[in-house]
Amino acid sequence: MSAEAPLGVTPAAAAAEGEEMVAVVDEMAEEAAVWCAVHGLVVGDRAEPRSGTIPGVGLVHAPFALLPTRFPASFWKQARELAPIFNDLVDRVSLDGEFLQDSLSRTRQVDDFTSRLLDIHAKMMEVNKEEDIRLGLHRSDYMLDSETNSLLQIELNTISSSFPGLSSLVSELHRTLLNRHGKVLGLDSKRIPQNWVATQFAEALSMAWTEFNNKSAVIMMVVQPEERNMYDQYWLINHLKESYPFIICFFFCCNVELKTLAQVEAEGQVLPDGTLVVDGQTVSVVYFRAGYSPNDYPSEAEWRARLLMEQSSAIKCPSISYHLVGTKKIQQELAKPNILERFLNNKEDIAKLRKCFAGLWSLDNEEIVKTAIEKPDLFVLKPQREGGGNNIYGHDLRETLVRLQKEQGEALAAYILMQRIFPRASLTHLVQGGVCFEDLTISELGIFGAYLRNKDKVVLNNQCGYLMRTKVSSSNEGGVAAGFAVLDSILLT
Ligand code: ADP
Ligand code: MG
Ligand code: MG
C-alpha cells in the first residue's frame, strides 16, 4: 500500500476516487462559471478597456473559490457579535473631533491625503457642524491567527466597504453547488450561513432616506469614473429599487443617482438652508463608493465636491468624521491602553473589542521599530491608505524602516506597525477567468455592519452579513478588486 492511501483503501481505489474527484471539480467549475453569468456574479474584465465605464460591456465572472471555506462557528459568532459594538464605537469616536485631530496631527505633516481630509474635518469643527442623522455602512475584517487560535481584526472599513452586492451571491452559488454535489463531497449546504448583506444595506439606505424626511429627495451614490466592480454597486441599487417600490411609488421619488466627484462639483450646490442640490435634485443620502483614495482626487474640483457635500445637511455615508475613524492610525490609537474606556461604558463590550485587537504600534516606539527591523516577517507596515496593495512586508519592510529612520524628521509618522497574523493555510480550488486551479490559501472574514442614528434615537445597529475572501497564501495583500483574492463563503464547523 502506498504511504498516501488511507488505511483500508487500495491504491487502485484511491486513484479511482481521485479521478472521480477531478471530474466532479471540473464539472462544478464549469457549472459555477455559468451560474455567475446568469446570476450577475460578475465584474468588468480587465482585458476590455470599456468594462469599467459602460455597463453590460466586457463582463467576466467574479473570481471565486469553488467551495466554501471551513470556519469555526464559535469565531463566526464572535465576529458577528462585534459588529454592533464597533458600530457604536465608530459613532462615539466620531463625536470627539479633538481626539481625531490630535491622533492624526503627526500623520498630517507627512501625508497629504490625510491632511486634506483633516482640513475638511477642521472646517466642520470651526463652524460646530452637527450631523443629526448618521449612517454607517461598515465592514470589519478578521483573520484567524493559527498561533494563538484567536480571531484578530485586520482593519475596520468605514468608507466604501466593498462587496455587499456580490458577497451575498457567492453564498448562493456555494449553496447551489452543494445542493447538487454535496453528497459526493460530504458537505452539507445548510452549514453555509445565510448572507443578506445586499438587502440589508439597501434597507439601511432606505431607512436613512426615511429619516431625512423629504419625499422628493434622492439617494446619491458617488462612484469612481472607472469602476470594474460596478455590478457590486448595481446590485445594491437593484435591491433598493426592487425592495422599496412602495416608497418609490408612494413618495414618487427615491431614485438613486450615480455621480462622480467631478460631476458633483460641476452640478452641485448647497442652498442657504444647507440643502444639497445636485443636477437640480435634492439629495437626502450621499453614499460614497469613491473618495477613499488619493487617486479619487486628481484635481481641486474633487476636493471642492467633498467639502461641498460635507457642508450640506445631506446624510453622508460616511461623514468626514466617520471616514477618519476608519483610518489605520485611529485603529492603532484605539488599541492603546485606556483609550476604549474614553468612548464606551460597557466593560464587557470593551473586553470583547480588546480580545480581537492584534498588536498595533506607532513608529515613535523605538523599541518596536528595532524589533521589526530584526524580525520583519512578524510585522506589517501600513500607510494611511485603503483599497489594498499598499502595505509593506518582509524585506521591503526592513528596508523602508531603515531608510525612514535615516531620514529622521516625521517620515515614520505616515505609517503604523501591526503584528502579522498567520492564518492556517489549506488547499483550495480557485476559479479565475474561467480557469480552475488548486493552491494553498488563507482567508479573511469581513462582517458588514449597519448603523443609523437620528439625534438620540438609534434607528439601526446590526451586523448584516459577511464577505469571505480567500487568497493564495504566498500573496501578502488581500483585495479582490486589486486582483489578489477571490470571493468565497463559509462552511460552519
Ligand atoms: P486595506 O485598507 O488596503 O484593505 P488592510 O489593512 O486590509 O488594508 O490590508 C490589506 C491586506 O493585507 C489584507 O486584506 C490582508 O490580506 C493583509 N493584511 C493586513 N494586515 C495584516 C496583518 N496584520 N497580518 C497579515 N496580513 C495582513
Ligand atoms: Mg480598508
Ligand atoms: Mg482591507
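The values are calculated or read from the model by the stated rules, or taken from the named source; none is laboratory data. Keep in mind that what you see is a predicted model, and the values were worked out from it rather than measured. Backbone-built Cβ (ideal geometry, glycine too); neighbour counts: all protein chains shown.
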Practice task
Give just the number: which of (1) at pLDDT 95 or above; (2) assigned to a loop (DSSP other than H, G, I, E, B); (3) under 26 Å from ILE54 (Cα atoms); (4) not aliphatic (A, V, I, L, M) does PRO193 not satisfy?
Solution key: (3)
Completion exercise
By residue number, the members of the stretch 303-321 that are crowded, with 21+ Cβ neighbours inside 10 Å and under 14 Å from GLN263 (Cα atoms) are ALA305, ARG306, MET309
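Among the residues of the stretch 424-447, what is the count of those that are among the polar types (S, T, N, Q) and either on the phi > 0 side of the Ramachandran plot or within 16 Å of ligand 3 (Cβ to nearest atom) (or both)?
1
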Problem - Matching option when the condition is in the same structural domain as GLY136 (by TED's automatic domain parsing) and buried (at least 23 other Cβ atoms within 10 Å of the Cβ), among TYR415, TYR466 - result: TYR466
Practice task
Could you list, in sequence order, all residues of the stretch 358-394 that are assigned to a loop (DSSP other than H, G, I, E, B) and within 16 Å of ligand 3 (Cβ to nearest atom)?
Solution key: ALA358, GLN384, ARG385, GLU386, GLY387, GLY388, GLY389, ASN390, ASN391, TYR393
Practice task
Could you check, for the stretch 155-171, whether at least one of its residues is surrounded by fewer than 19 Cβ atoms within 10 Å (Cβ to Cβ), more than 16 Å from ligand 3 (Cβ to nearest atom) and within 25 Å of PHE448 (Cα to Cα)?
Solution key: no
Completion exercise
Restricting attention to the stretch 469-493, the residues that are crowded, with 23+ Cβ neighbours inside 10 Å and more than 16 Å from ligand 3 (Cβ to nearest atom) number exactly 2
Practice task
Answer with yes or no whether VAL480 is outside any loop (DSSP other than H, G, I, E, B) and in contact (Cβ under 8 Å) with a residue 12 or more places away in the chain.
Solution key: no
Completion exercise
Checking ILE490, ILE421 in turn, the sole residue that is within 11 Å of ligand 1 (Cβ to nearest atom), at pLDDT 95 or above and either not acidic (Asp, Glu) or not assigned by TED's automatic domain parsing to the domain that holds PHE163 (or both) turns out to be ILE421
Exercise for the section: Could you tell me which residue of the stretch 108-120 is nearest to SER319 (Cα to Cα), considering only residues that are assigned to a helix (DSSP H, G or I) and within 16 Å of ligand 2 (Cβ to nearest atom)? Expected result: LEU117
Practice task
Kindly check whether there is at least one residue in the stretch 140-147 that is within 30 Å of GLU31 (Cα to Cα), within 16 Å of ligand 3 (Cβ to nearest atom) and of a type in the set (A, V, I, L, M).
Solution key: yes
Problem - Of all residues making up the stretch 225-265, the number that are assigned to a loop (DSSP other than H, G, I, E, B), out of contact with any Gly (no Cβ under 8 Å at 6 or more places or on another chain) and at pLDDT 90 or above - result: 2
Problem - Any hit, the stretch 304-311, residues being under 26 Å from the mean Cα position of the chain (by Cα) and in a strand (DSSP E or B) - result: no
Exercise for the section: Take PRO164 and decide whether it is over 16 Å from the mean Cα position of the chain (by Cα) and either within 16 Å of ligand 2 (Cβ to nearest atom) or closer than 30 Å to CYS36 by Cβ (or both). Expected result: no
Exercise for the section: Go through the residues of the stretch 121-136 one by one and say whether even a single one is touching a Gly at 6+ places or on another chain (Cβ under 8 Å), within 16 Å of ligand 2 (Cβ to nearest atom) and not in a loop (DSSP other than H, G, I, E, B). Expected result: yes
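Please state which one of GLY409, GLY388, GLY434 is within 14 Å of ligand 1 (Cβ to nearest atom) and not assigned by TED's automatic domain parsing to the domain that holds SER167.
On inspection, the qualifying residue turns out to be GLY388.
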Exercise for the section: Would you check which residues across the stretch 92-115 are crowded, with 18+ Cβ neighbours inside 10 Å and among the charged types (D, E, K, R) and list them? Expected result: ARG108, ASP111
Exercise for the section: Select from the stretch 162-181 the residues that are among the polar types (S, T, N, Q) and in contact with a Ser or Thr (Cβ under 9 Å, 6 or more places away or on another chain) and write down the one among them that is farthest from SER293 (Cα to Cα). Expected result: ASN179
Exercise for the section: Report whether or not LEU404 is in contact with a helix residue (DSSP H, G or I) (Cβ under 8 Å, 6 or more places away or on another chain), away from ligand 1 (no atom under 16 Å from the Cβ) and at negative phi. Expected result: yes
Exercise for the section: Being within 16 Å of ligand 2 (Cβ to nearest atom) and among the hydrophobic types (A, V, I, L, M, F, W, C) is the filter; apply it to the stretch 415-446 and report the residue that is farthest from ILE154 (Cα to Cα). Expected result: ILE416
